[in-house]
Structure formats: structure tokens, C-alpha cells
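Coordinate-derived values only; no laboratory data. As the structure is a prediction and not an experimental result, all values here were calculated from the model. Neighbour counts run over all protein chains shown; Cβ positions are idealised from the backbone, glycine included.
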Amino acid sequence: MQRYGMVIGVREERIEEYKALHAAAWSDVLAMIEACNIRNYSIYLRRLPDGQHYLFSYFEYVGADFEADMAKMAADPTTQRWWGVCKPCQQPLPDREVGEWWAPMEEVFHCD
């Protein structure tokens, strides 16, 4: 199992919309997340001292080929539609790598 933490900005004027979307997440999207070997998935919201709001996601990957599972998810038409309604709420970090939407974070500590 591999743990992942990721971060992205969220547009202040769309925070309530983002929360409402995730309060009623589409069942087919949730099924695809599970089919792609993601478990224990959470998203947190925080306003930082810079005045901006950020989302932090945490999930555990239990599969054997992360890249293949992420490609499977990205190819799913329902997931693409879900991302289409969520992405306008998000504001990617300006220093993210090419091709990234959410920016990965480095794990510096873990305790079971």
C-alpha cells in the first residue's frame, strides 16, 4: 500500500459548490475510484495565511500499477464528466509540474 497526499487551490467563490458536489458524489465515480485501487480517500479544506483556500487530499493506493490505474480512471467517461464539474472550482498551484492538476506532496512522517 502506498499513501498519497496532494494539494490544490480552490476558488473562494466556489467553495460551497465544491462541498455540495462532494456531499453528493456520483456513485459511478466512487465505484471507479475503488476499481482503480484507491482506498481511504479524504479531501480537507483550509484557508492559509496567504488568504487563499486549499484542498488537501489523502488516499491509499493498494494496486500494483498506479500509472495504469490512473489512466483507466482518466479514460472513464463518467469520471471525465465529474472532473468537468469539479475543475472550475479548483485553482492548480502555479509551481506544479507539467501535466499535473493536483500537486503531489512529500510524506515526511507516518505513524500507524
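Name the chymotrypsin sites (Phe, Trp or Tyr not before Pro) in the range 1-92 that are in a loop by DSSP and that have at most 14 other C-beta atoms within 10 Å, would you? Passing both the DSSP loop test and the Cβ count: Trp26. Say we join alpha carbon atoms closer than 10 Å with springs in a Gaussian network model of the chain; which of Asp76, Asp28, Asp50 then has the biggest fluctuation? Largest GNM mean-square fluctuation: Asp50. Translational diffusion of the chain, estimated by Stokes-Einstein from the Kirkwood radius over alpha carbon pairs at 4 °C in a medium of 1.567 mPa s, is 86 µm² per second.
Each residue of the range 94-110 was assigned a 3J(HN,Hα) from its phi angle through the Karplus expression (A = 6.51, B = -1.76, C = 1.60, θ = phi - 60°), giving x, 9, 5, 6, 4, x, 8, 10, 6, 8, x, 10, 8, 7, 10, 7, 8 Hz with x at Gly and Pro.
Can you give the FRET efficiency to the nearest 0.05 for Glu106 and Ala64, using r as the Cβ-Cβ distance and R₀ = 25 Å? Please report the intermediate quantities before stating the final value.
Working: r = 23 Å, r/R0 = 0.91.
In this case the efficiency is close to 0.65.
Judged by the mean number of other Cβ atoms found within 10 Å, the most tightly packed of the peptides 67-74, 33-40 leads the ranking 33-40, 67-74.
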